[in-house]
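Reading through the structure tokens given below for one structure.
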Amino acid sequence: LNVSLFIILNGLEYLKMFDSYPGVTEVMAGIEDMPVYFKTSEDGDFEDAFVQASLVLSEDQTELINAPFEAPSPIEPFRLLSGGEWPAPDSNEVVLEQRMAEKYEIEVGDTLYFRILSASRDPEKVGATGTVEPFTVTGLVFDAYATTPNQSVYANMADANYLTGRAGLNDIWARFDNFQQAEASYDDFLSLIANETNYRPVFSLLENPSENPLIVNAQMISALMSLLALIALVVSGFL
């Protein structure tokens, strides 16, 4: 269940409430596919990208922590490739999806220059908005879920909010024991969000893992290749 949200207020208590909902096994919140603007050199042209950031409950449920930087990502995980590191807190660091890095010939240790859509936290810029500030690329990731868009930048939540000019989260993911339970709870879960929190759902998606588009597409390609192989075998035998 993927719900786009307005700004989350009191996010810790909300995630605890969602986590205790009957049948929910995992819950995660964050920012998904929010536009950011970067360039690879100070005098270059700006390009578009999309920032991703996720939060999960700590084991003792006393705080929200960045996933997968500080804790595993239980839903839609991605993997850090060798030779890189996860961004450190409050350090102006990001990781990139490998296809974006290949497209712009970016390597670990390179600097990207982002247009900051928040009031700058640089004391020399006195809270100015729209400043251009450097971020270091500490690693590259493989994200199987980053099909569209694949120009993805991954940051901790504080930096994602800073880059985008937001003050909270815009997505929540919830995993249920099984799809039938998620389907039966769908309307009630949305009502819980609308009635028991300070924000409301504006988009929702109920997805059956066994019918995930990535799996379905792979099965279609496999079936097509098998058919072509059979046709080639028949034609070869005839010849």
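The values are calculated or read from the model by the stated rules, or taken from the named source; none is laboratory data. Since we're looking at a predicted model, the values are computed, not measured. Note that each Cβ is placed from the backbone with ideal geometry, even for glycine, and that neighbours are counted across all protein chains shown. SASA here: full protein model, heavy atoms, side chains in, ligands and nucleic acids out. Shrake-Rupley method; radii C 1.70, N 1.55, O 1.52, S 1.80 Å.
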Which residues, counting only those in region 151-186, are among the polar types (S, T, N, Q), under 24 Å from S204 (Cβ atoms) and not in a helix (DSSP H, G or I)? S152, N170, N178
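Rundown of residues vs (1) farther than 24 Å from P74 by Cα; (2) in a helix (DSSP H, G or I), yes/no style:
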residue	(1), (2)
D188	no, yes
L192	no, yes
S204	no, no
M220	yes, yes
L228	yes, yes
I231	yes, yes
V234	yes, yes
G237	yes, yes
Scanning region 35-61 for residues that are acidic (D, E) and closer than 25 Å to D143 by Cα, the one surrounded by the fewest Cβ atoms within 10 Å (Cβ to Cβ) turns out to be E59
Going through region 88-145 one residue at a time, which ones are aromatic (F, W, Y) and either part of a strand (DSSP E or B) or over 18 Å from the mean Cα position of the chain (by Cα) (or both)? Y104, Y113, F114, F135, F142
Does region 40-47 include one or more residues that are under 20 Å from the mean Cα position of the chain (by Cα) and either part of a loop (DSSP other than H, G, I, E, B) or at negative phi (or both)? yes
Take D110 and tell me if it is in contact with a Ser or Thr (Cβ under 9 Å, 6 or more places away or on another chain), over 26 Å from D19 (Cβ atoms) and open to solvent by 40 Å² or more (accessible area, probe 1.4 Å). yes
What about A119, is it within 24 Å of P72 (Cβ to Cβ) and either open to solvent by 50 Å² or more (accessible area, probe 1.4 Å) or among the aliphatic types (A, V, I, L, M) (or both)? no
Can you tell me how many residues within region 183-239 are open to solvent by 70 Å² or more (accessible area, probe 1.4 Å) and either in contact with a Leu (Cβ under 9 Å, 6 or more places away or on another chain) or under 30 Å from E13 (Cβ atoms) (or both)? 13
Given (1) part of a loop (DSSP other than H, G, I, E, B); (2) at pLDDT below 95, identify the lone condition not met by P22. (2)
Hey, could you check region 137-149 for residues that are of a type in the set (V, I, T) and surrounded by 17 or more Cβ atoms within 10 Å (Cβ to Cβ) and say which is nearest to E42 (Cα to Cα)? V137
Tally the residues that are more than 15 Å from E47 (Cα to Cα) and buried (at least 16 other Cβ atoms within 10 Å of the Cβ), restricting the search to region 122-134. 1
Going through (1) in contact (Cβ under 8 Å) with a residue 40 or more places away in the chain; (2) open to solvent by less than 40 Å² (accessible area, probe 1.4 Å); (3) over 19 Å from the mean Cα position of the chain (by Cα) one by one, S152 fails only at (3)
Out of (1) of a type outside the set (F, W, Y); (2) under 29 Å from E63 (Cα atoms); (3) surrounded by fewer than 14 Cβ atoms within 10 Å (Cβ to Cβ), the one E97 does not meet is (3)
Filter region 63-82 for residues that are open to solvent by 70 Å² or more (accessible area, probe 1.4 Å) and in a loop (DSSP other than H, G, I, E, B); which is modelled with the lowest pLDDT? S82
